[in-house]
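Some notes on the structure that comes next.
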């Protein structure tokens with residue numbers, strides 16, 4: 001059986017993917033993948049997602065240079081969440097210029113942005 | 001502003017939650033929470049989810065004893081994914097008796113269950 005058949009995609013043919021830094025263990029981001037994105041990720045060893053807003057494959061780092069080299073691809077017990085364990089180029093996964101998208105901590109009844117901006121997003125995304 | 005108002009719940013009033021072992025960094029599981037589950041988690045310091053199948057709050061470990069003590073609650077940049085960083089009681093998060101639900105690794109074109117069963121699920125869930 002093809003490994004893709006064991007992934008339980010949702011009604012839109014998508015599955016959520018967690019990207020985790022394989023070295024630091026940090027949870028970097030969550031995005032979506034379709035079967036094509038998973039297949040390309042497995043073949044190329046570079047993280048590919050499906051951008052719902054743009055309606056097409058999203059080769060992470062294509063624009064920003066912040067590619068994610070795949071160390072492992074894992075699937076959970078229900079088959080409906082995928083985990084990419086990656087090496088994060090530039091140490092920045094988030095579009096805000098931070099290492100991780102999970103930079104807000106609940107503290108004192110408020111979300112506090114506790115992680116530093118490592119690079120100005122305008123410098124990341126300009127051509 | 002109440003911190004719960006900054007969480008972008010979906011049309012069903014739910015948000016996906018990643019549970020991560022705060023010590024080992026392992027991604028343990030993904031489940032759902034509603035506002036009530038998040039609020040109770042924040043107040044009690046024990047991970048609470050919302051079980052879609054049972055339609056009610058799921059106090060993780062209630063039955064299995066495998067509670068998750070909260071070390072941190074984080075929110076991602078879009079506000080639509082929550083991260084619980086936890087201390088996992090018994091070192092087992094998955095209903096299969098494994099440390100993590102992400103025990104299947106893509107290897108040689110197949111999902112391989114590479115992590116050991118630490119405890120027989122029948123022993124975990126019998127009363």
Per residue of A:40-51, other chain Cβ atoms within 10 Å number on average 0
Checked the protein assembly as shown against the a/c 1.5 cut and the a/b vs b/c comparison, axes a ≥ b ≥ c from its Cα gyration tensor; verdict oblate
Within the set B:92, B:70, B:114, GNM on chain B using Cα springs under 10 Å gives the largest fluctuation to B:114
Under 19 Å by backbone N from the virtual spin label 7 Å along Cα-to-Cβ at residue B:56, the residues of segment B:104-127 are B:125-127
Given a Förster distance of 41 Å, the FRET efficiency implied by the Cβ-Cβ spacing of residue A:87 and residue A:107, rounded to the nearest 0.05, works out to 0.85
So, in nm and shortest first, the distances from residue B:23 to its counterparts in the other copies, with label points 7 Å along Cα→Cβ, work out as 2.5
Copies of residue A:120 compared via label points 7 Å along Cα→Cβ give distances in nm, shortest first, of 6.4
Axis carrying B to A; for chain B the Cβ-nearest residue and its rounded Å distance come to B:25, 1
Note on segment A:67-123: alpha-carbon gyration tensor, axes a ≥ b ≥ c; rule is a/c under 1.5 for rounded, else prolate if a/b larger than b/c, else oblate; result oblate
Rounded to the nearest 10 degrees, the helix A:35-44 long axis (Cα) sits at an angle to the longest Cα principal axis of chain A of 80
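Say R0 is 45 Å: what FRET efficiency, to the nearest 0.05, do residue B:123 and residue A:122 get from their beta-carbon distance? All intermediate terms of the calculation are to be shown ahead of the outcome.
Numbers: r = 56 Å, r/R0 = 1.24.
That gives a FRET efficiency of 0.20.
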Inter-copy distances for residue A:39, nm, shortest first, label points 7 Å along Cα→Cβ, are 4.7
For segment B:3-125, using Cα atoms only, the Rg and Dmax in Å read 14.8, 45
By Cβ neighbour count within 10 Å, fewest first, B:56, A:60 rank B:56, A:60
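Values quoted throughout were computed directly from the atomic coordinates according to the rules given, and no laboratory measurement underlies them. These numbers come from a predicted model, not from an experiment. Methodologically, a virtual Cβ is constructed for each residue, glycine included, from the backbone with ideal geometry; neighbour enumeration extends over all protein chains shown.
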